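Read through the structure below, which is laid out as structure tokens, and then see the notes.
Each reported figure results from applying straightforward, stated rules to the coordinates on display, with no laboratory input. Predicted, not measured: the structure shown is a model, and the values here were computed from it. Cβ coordinates were reconstructed from backbone atoms using ideal geometry, including for glycine residues, and neighbour counts include every protein chain displayed.
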Amino acid sequence: MKYELKKLGKSQVELKIIVTPEDYRKDLEAAATRLSERAAIKGFRPGKAPYEIVKEQLGEIKMFEEAMQTIVEINFFRAVKDEKLNTVGQPEIVIEKMAPGNDFEFKATVALLPVVKLADLKKIKVERKVKEATDEDVKNIANDLRKMQTKEVLKNDIAKKDDKIVVDMDMFINNVPMEGGQARGYQIYLNEPHYVAGLAEQLVGLKKDDEKSFTLPFPKEHYDKNYAGHDVDFKIKVKDVFTLQMPELDEDFAKALGQESVDKLINLLRENLVKENEHKADQGVEVEIWEKMVAGSEFEEIPEILVSAEKHKMFFELKHDLEHRGITFEKYLADIKKTEEEIYQDFAEGATKRAKAALVSRQVSLDNNIVVSDEELQKELDMIKTMYKDDEKIMENLKRPEVRDNIAMAVQNRKVLGWLQEQILGEKPKSTDDHSAPGHKCEHC
């Protein structure tokens, strides 16, 4: 086997590979055996016909076609190994010459993992900033809990700023009904900001069966450019008005939430807020470390195959998140007025950043011999099995090699992040979860 290496742009190389008849003879013989197992060769049991008999009855071209994939794979990987190439993805193969008894020639174009020159850790400064849990913050959380227990009582009176109003609403631009601008039984909490500024204020003072028309500007940042910033005419008819009765922050309320007193409830809320703020600070440190590592590192041109792979992951994560929230992907596209292809293209910048973060993580692990042991991987698998023991789909997916590889990579990313945090902050990570960089959600299974 002989080959020529040619460097292309975008971190790609082309290998022109020539395989002599002597080199591919054994592959033809193996192909002949496989063919004789599937085809009836008179006078011989399946798989036992001699090479020359198979060649005579089925033709050498047929044997060549059967052996071609093996010939390509073996010799491509041999050339890659000889050149010590770090390839990514599948090669693009073009057969240039295939004739029995002659050299077999093909070209393989393949992407390479780009060389990464890591940022100087001594120049990266990251500070862990924990937000203080103030009395006001705790009070707001307590009020949110009270709101969750709010009772809505129908009233025969005008709507006040702390009430809820239910209306039939029609919206027009230049006397033309807006697409999707009709709503029946639309609920508006008058003490909460509406995406159309000023709408709630227009409704205060109305009562059941009242009608009102008025004009308000649509938000300039609205996703539909046909409506953004335009004056919109509203026609409103009030269906009902409700007064909102929140429970008092008293002993009964505290006991309903499993606490003996208001003081103990407030203390619990404060403790939870402190933990939440610490967790957010940890997440902020993680994000900042990856962002500064990526910004300070130097990359060869990123192959499109890596960016495309990240786009696919982001697309999957979006659909999974929508499903989790009970929103169909079709409805989401209709709401934002974009096509699936446009969404996919919108991911380009984020996908490139994620690809770079993954390359940084890989390089850090290589430079510092950060690996995942069999014991660490098994521990992670056992944890997932415990968490999802009743999910048959996940249990089945855990048997797949590619899923286990993804889990091992997630564990390695966490170890890399922990190592970076020790180097940059001088401390071990307080919490590094499966959602850590390089920017991926934990969707292994």
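Exactly which trypsin sites (Lys or Arg not before Pro) in the range 219-284 are in a DSSP loop and have at most 10 other Cβ atoms within 10 Å?
On the way: sites: 220, 225, 235, 237, 239, 255, 264, 270, 275, 280; in loops: 220, 225.
Those satisfying the criteria are 220, 225.
Spin-label point model (7 Å from Cα, Cβ direction): what's the residue 195 to residue 226 distance in nm?
1.6 nm
Can you list residues whose amide H is under 5 Å from residue 12's amide H, if they're 5+ apart or on another chain and H is modeled 1.01 Å from N?
HN-HN under 5 Å from residue 12: 112.
Calculate, for residue 109 and residue 168, the FRET efficiency according to 1/(1 + (r/R0)^6) with r their C-beta to C-beta distance and R0 56 Å; round to the nearest 0.05.
About 0.35, to the nearest 0.05.
Between beta-carbons, use under 13 Å as the cut-off and find the net charge around residue 269, counting Lys and Arg +1, Asp and Glu -1. Walk me through the intermediate numbers first.
Details: positive: 139, 146, 264, 270, 275; negative: 135, 136, 137, 144, 263, 271, 276.
Around residue 269, the charge tally is -2.
Which whole-angstrom value gives the distance between the alpha carbon centres of the range 341-395 and the range 18-53?
Spelled out, the Cα-based centre of one part sits 43 Å from the other.
Let me check against my output: what whole-number percent is the relative contact order of the chain, with C-alpha pairs under 8 Å and at least 6 apart?
So the answer I get is 15 percent.
Need the full-extension length gain, residue 263 to residue 18, defined as separation in residues times 0.36 nm minus the C-alpha distance. One decimal, nm. If you can, show how the numbers build up before the last one.
On the way: separation 245, 0.36 × 245 = 88.20 nm, distance 8.11 nm.
The residue 263-residue 18 span can extend by a further 80.1 nm.
What FRET efficiency, computed as 1/(1 + (r/R0)^6) with R0 = 41 Å and r the Cβ-Cβ distance, is obtained for residue 44 and residue 73, rounded to the nearest 0.05?
0.90
How are the alpha carbon pair distances in the chain distributed across 10 Å bins from zero to the largest one, expressed in percent?
The percentages, shortest bin first, are 4, 12, 15, 19, 19, 13, 7, 6, 4, 1.
Can you give the extra length, in nm with one decimal, that the chain gains between residue 235 and residue 405 once fully stretched, where that is 0.36 nm per residue apart less the Cα-Cα distance?
On the way: separation 170, 0.36 × 170 = 61.20 nm, distance 5.78 nm.
Stretched out fully, the residue 235 to residue 405 stretch lengthens by 55.4 nm.
How big is the Cα convex hull of the range 2-112 in projection, averaged over all directions, in nm²?
Values: hull surface 28.9 nm².
Mean projected area of the Cα convex hull: 7.2 nm².
If the reach is capped at under 15 angstrom between alpha carbons, list the aspartates and glutamates near residue 2, excluding any in the same chain fewer than eight residues apart.
Partners within reach: 14, 22, 23, 73, 82, 83, 96, 103, 105.
Divide the volume of the convex hull of the Cα atoms of the range 369-427 by its number of residues and quote the answer in cubic angstrom per residue.
Values: hull volume 5.3 nm³, N = 59.
So the per-residue hull volume is 90 Å³.
For the range 239-280, which GluC sites (Glu not before Pro) pass both filters: DSSP loop (anything but H, G, I, E, B) and at most 11 other C-beta atoms within 10 Å?
248, 260
Could you tell me the relative contact order of the range 260-425? Use alpha-carbon pairs under 8 Å, at least six residues apart, and round to a whole percent.
So the answer I get is 26 percent.
Please compare each pair in 6/97; 275/313; 10/319; 264/385 to a cut-off of 25 Å on the Cα-Cα distance and tell me which ones are over it.
Violating the 25 Å limit, Cα to Cα: 275/313; 10/319; 264/385.
What is the set of long-range amide H partners of residue 3 at a cut-off below 5 Å, with H atoms built 1.01 Å from backbone N?
18
What are the lysines whose alpha-carbon lies under 18 Å from the alpha-carbon of residue 237, with same-chain residues fewer than 8 places away excluded?
Residue 237 reaches 155, 160, 161, 164, 207, 208, 212.
Once both labels are modelled 7 Å past Cα along the beta-carbon direction, what's the residue 248-residue 122 spacing in nm?
It works out to 6.6 nm between the two label points.
What per residue convex hull volume, in Å³, comes out for the range 260-425 when only alpha-carbon positions are used?
Convex hull of Cα atoms, per residue: 206 Å³.
Taking Cα atoms, how many degrees apart are the long axis of helix 401-425 and the longest axis of the chain, rounded to 10 and kept between 0 and 90?
Orientation of helix 401-425: about 60 degrees from the principal axis.
Whose amide H sits under 5 Å from the amide H of residue 232, counting only residues 5 or more places off or on another chain, with H placed in the peptide plane?
So residue 232 has HN proximity to 216, 218.
For residue 328 and residue 153, what is the calculated FRET efficiency with R₀ set at 41 Å and r taken between the beta-carbons, to the nearest 0.05?
Efficiency, rounded to the nearest 0.05: 0.75.
Report, in deg cm²/dmol and to the nearest 500, the calculated mean residue ellipticity at 222 nm for the chain, where each DSSP H run with n ≥ 4 adds -39500 (n - 2.57) and the sum is divided by the residue count.
Value at 222 nm, helices only: -15500 deg cm²/dmol.
Residues with beta-carbon under 12 Å from that of residue 157, excluding residue 157: net charge, scoring Lys, Arg +1 and Asp, Glu -1?
+1
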